[in-house]
Amino acid sequence: MRRKEREILELDKIKEIVENCHVVRLAMFDEPYPYVVPVNFGYHWQEENLTLYIHGARQGKKIQLLKNKSKVAVEMDCNHELIEAGTVAEKYSFAYQSLIGFGDAFIIQELEEKKQALQLLMDHEVKHKNYHFPPDKMIAATGIIKVVLASYSCKEHIHPNKM
C-alpha cells in the first residue's frame, strides 16, 4: 500500500467498514478484459477471516466465469464526502473508507448453506425488520456465491472536518 498513513489495521474498524458498505464489486477473469459486477452481499467473520455471500441467478455470465476460474477480487467503499478547497482544483480530494480483497468463489449447492447465506444477506441489508423467506423450492433455485477472502486490506481518507 503506497499511502501507509491511510492503512487500517484494527479489526474492529475493518468490521465497521464492511458493515457500512452495501455494495461489493466482484471482479472475475474474462477475455479479453476482466469482468466486474456490483452486487449486494452478506458476510460472516470467523476471527479475522472474512467470507462474503452474494445471491442471484443460477446461470449467467458470473456463474460461467466462476466455473472457469474461481479466483476473484473484491472492492467495497463507503463514507464518501467531497473535501472542498475553494478555487484551487488540485487541493480538492475525497474522503472514503475502502476494502480490497482477493480470494476464491464457490457456488453453493446445499440448501441449508443457501439459507444461512440468505439470512446473512438479509441481516446485513434489512437490519432488524421482520421478513420471511420463500419456500425451500425457490431457495434451491437461487444462485448463491460464497467468496472466501485469502487476503484483504483497508484504508481510509478522513475528511479534515471529522478529525
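The values are calculated or read from the model by the stated rules, or taken from the named source; none is laboratory data. Given the structure is predicted, the values throughout are model-derived calculations rather than measurements. Heads up, the Cβs are rebuilt from the backbone with ideal geometry, glycines too, and the neighbour counts pull from every protein chain shown. Remember, those area values only see protein heavy atoms, side chains included, never the ligands or the DNA or RNA. Shrake-Rupley method; radii C 1.70, N 1.55, O 1.52, S 1.80 Å.
One table, with the values for the structure above:
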{"read-out": "Candidates M122, M138, filtered to the one that is open to solvent by 80 Å² or more (accessible area, probe 1.4 Å) and either under 29 Å from S70 (Cα atoms) or within 22 Å of the chain's Cα centre (by Cα) (or both)", "value": "M138"}
{"read-out": "Top-ranked residue of region 1-19 - restricted to ones that are surrounded by fewer than 14 Cβ atoms within 10 Å (Cβ to Cβ) and at pLDDT below 95, ranked as nearest to E113 (Cα to Cα)", "value": "L9"}
{"read-out": "In region 101-116, the residues that are open to solvent by 80 Å² or more (accessible area, probe 1.4 Å) and in a strand (DSSP E or B)", "value": "F102, F106"}
{"read-out": "Complete set of residues in region 20-34 that are of a type outside the set (S, T, N, Q) and loosely packed, with under 15 Cβ neighbours inside 10 Å", "value": "H22, V23, R25, D30, E31, P32, Y33, P34"}
{"read-out": "Close pairs (6 angstrom Cβ cut-off, 6 or more residues apart or separate chains): part of a loop (DSSP other than H, G, I, E, B) in region 68-96, surrounded by 13 or more Cβ atoms within 10 Å (Cβ to Cβ) and among the hydrophobic types (A, V, I, L, M, F, W, C) anywhere", "value": "K69/F29; S70/A105"}
{"read-out": "Candidate set from region 52-67 (those that are open to solvent by 20 Å² or more (accessible area, probe 1.4 Å) and not in a helix (DSSP H, G or I)); member that is nearest to Q109 (Cα to Cα)", "value": "R58"}
{"read-out": "Long-range neighbours under 6 Å by Cβ, at least six apart or interchain, first residue part of a helix (DSSP H, G or I) within region 1-22, second open to solvent by 40 Å² or more (accessible area, probe 1.4 Å) and of a type in the set (D, E)", "value": "L11/E48"}
{"read-out": "Given (1) of a type outside the set (F, W, Y); (2) in contact (Cβ under 8 Å) with a residue 24 or more places away in the chain; (3) at positive phi, number of the condition E47 does not satisfy", "value": "(2)"}
{"read-out": "Any hit, region 80-103, residues being over 30 Å from R2 (Cβ atoms) and modelled with pLDDT of 95 or more", "value": "no"}
{"read-out": "The listed residue being touching a helix residue (DSSP H, G or I) at 6+ places or on another chain (Cβ under 7 Å) and either under 24 Å from G143 (Cα atoms) or not small (G, A, S) (or both), out of A73, A105, A27", "value": "A105"}
{"read-out": "Index of the failed condition, N40 passing every other in (1) under 22 Å from S151 (Cβ atoms); (2) modelled with pLDDT of 95 or more", "value": "(1)"}
{"read-out": "Matching residues in region 138-159 - criterion: being of a type in the set (A, V, I, L, M) and either in contact (Cβ under 8 Å) with a residue 60 or more places away in the chain or closer than 19 Å to R2 by Cα (or both)", "value": "A141, I144, I145, V147, V148, L149, I158"}
